[in-house]
1. Counting just the residues of segment 75-90 that are assigned to a helix (DSSP H, G or I) and modelled with pLDDT of 95 or more, which one comes out surrounded by the most Cβ atoms within 10 Å (Cβ to Cβ)?
2. (1) open to solvent by 80 Å² or more (accessible area, probe 1.4 Å); (2) touching a Cys at 6+ places or on another chain (Cβ under 9 Å): which one isn't true of Ile30, the others all being true?
3. Given Ile60, Ile30, Ile50, which one is under 27 Å from Gln163 (Cβ atoms) and under 15 Å from the mean Cα position of the chain (by Cα)?
4. Could you give every pair whose Cβ atoms fall below 6 Å, whose first residue belongs to segment 114-138 and is assigned to a loop (DSSP other than H, G, I, E, B), and whose second residue is polar (S, T, N, Q) and loosely packed, with under 15 Cβ neighbours inside 10 Å, counting only separations of at least 6 or pairs across chains?
5. How many residues does segment 91-113 hold that are in a loop (DSSP other than H, G, I, E, B), among the aromatic types (Phe, Trp, Tyr) and open to solvent by 30 Å² or more (accessible area, probe 1.4 Å)?
6. Go through segment 151-178 and count every residue that is at pLDDT 85 or above and not in a helix (DSSP H, G or I).
7. Counting just the residues of segment 123-140 that are among the hydrophobic types (A, V, I, L, M, F, W, C) and in contact with a helix residue (DSSP H, G or I) (Cβ under 7 Å, 6 or more places away or on another chain), which one comes out nearest to Lys93 (Cα to Cα)?
8. Ile80: touching a residue at least 24 places away in the same chain (Cβ under 8 Å), touching a strand residue (DSSP E or B) at 6+ places or on another chain (Cβ under 6 Å) and aliphatic (A, V, I, L, M), yes or no?
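The values are calculated or read from the model by the stated rules, or taken from the named source; none is laboratory data. Quick caveat, the model's predicted, so the values are computed rather than measured. Note that we place each Cβ from the backbone using ideal geometry, even for glycine, and neighbour counts take in every protein chain shown. Accessible surface areas use protein heavy atoms only, side chains included; no ligands, DNA or RNA. Shrake-Rupley method; radii C 1.70, N 1.55, O 1.52, S 1.80 Å.
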Amino acid sequence: MIFINQITKSYGPQLLFDAIGFQVNRGERIGIVGRNGHGKTTLFRLILGIETPDDGTIGIPDHYRIGALDQQLTFNQSTIVDQVAQVLPEAEKYDRWKAEKLLSGLGFQMTDFEKPPSDFSGGFQIRIKLAELLLSKPDLLLLDEPTNYLDITSLRWLEKFLQSWKSELMCVSHDQAF
């Protein structure tokens, strides 16, 4: 459970949040909507600790893992399946099929699994990072416009995957159907 308590955040004269507060309960799903520039991504950055509020507090329990799609596309493995599988816990380190299943759902073919991440376009590299994030199973999953780089088949797969997600989820999307 995360507590947002009386958060205020502004950039110069532009006030984004004025003493807002809420909590994210166990298993809760939250959709965030609003116009561009009204603080949706800033809220995620505050929760992640990338930015700090001008006032107020954010309470996150010890050992609570928050996962978000990193905008920095850095890869440290030689194949996409190894890149995704590296987040598996030690007890599951040989369960590469879990990485393959996620990659397949996101539009990769079996022949792609042994290719290096650099062989793929930026959109497919985002999908690699998305698979890595989903496989890491954070306590809170923050998704900021996750549908931007997905085709209709991958989008439907992601929708089904997230319907079975057991942990907390916060999502920003301009796709009303999603």
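1. Looking at residues that are assigned to a helix (DSSP H, G or I) and modelled with pLDDT of 95 or more, I get Val84.
2. With respect to (1) open to solvent by 80 Å² or more (accessible area, probe 1.4 Å); (2) touching a Cys at 6+ places or on another chain (Cβ under 9 Å), Ile30 is out only on (1).
3. Among Ile60, Ile30, Ile50, only Ile30 is under 27 Å from Gln163 (Cβ atoms) and under 15 Å from the mean Cα position of the chain (by Cα).
4. Pro116/Ser78
5. 1
6. Residues in segment 151-178 being at pLDDT 85 or above and not in a helix (DSSP H, G or I): 10 in total.
7. For segment 123-140, the residue satisfying everything is Leu135.
8. Considered against the rule, which asks whether it is touching a residue at least 24 places away in the same chain (Cβ under 8 Å), touching a strand residue (DSSP E or B) at 6+ places or on another chain (Cβ under 6 Å) and aliphatic (A, V, I, L, M), Ile80 comes out as no.
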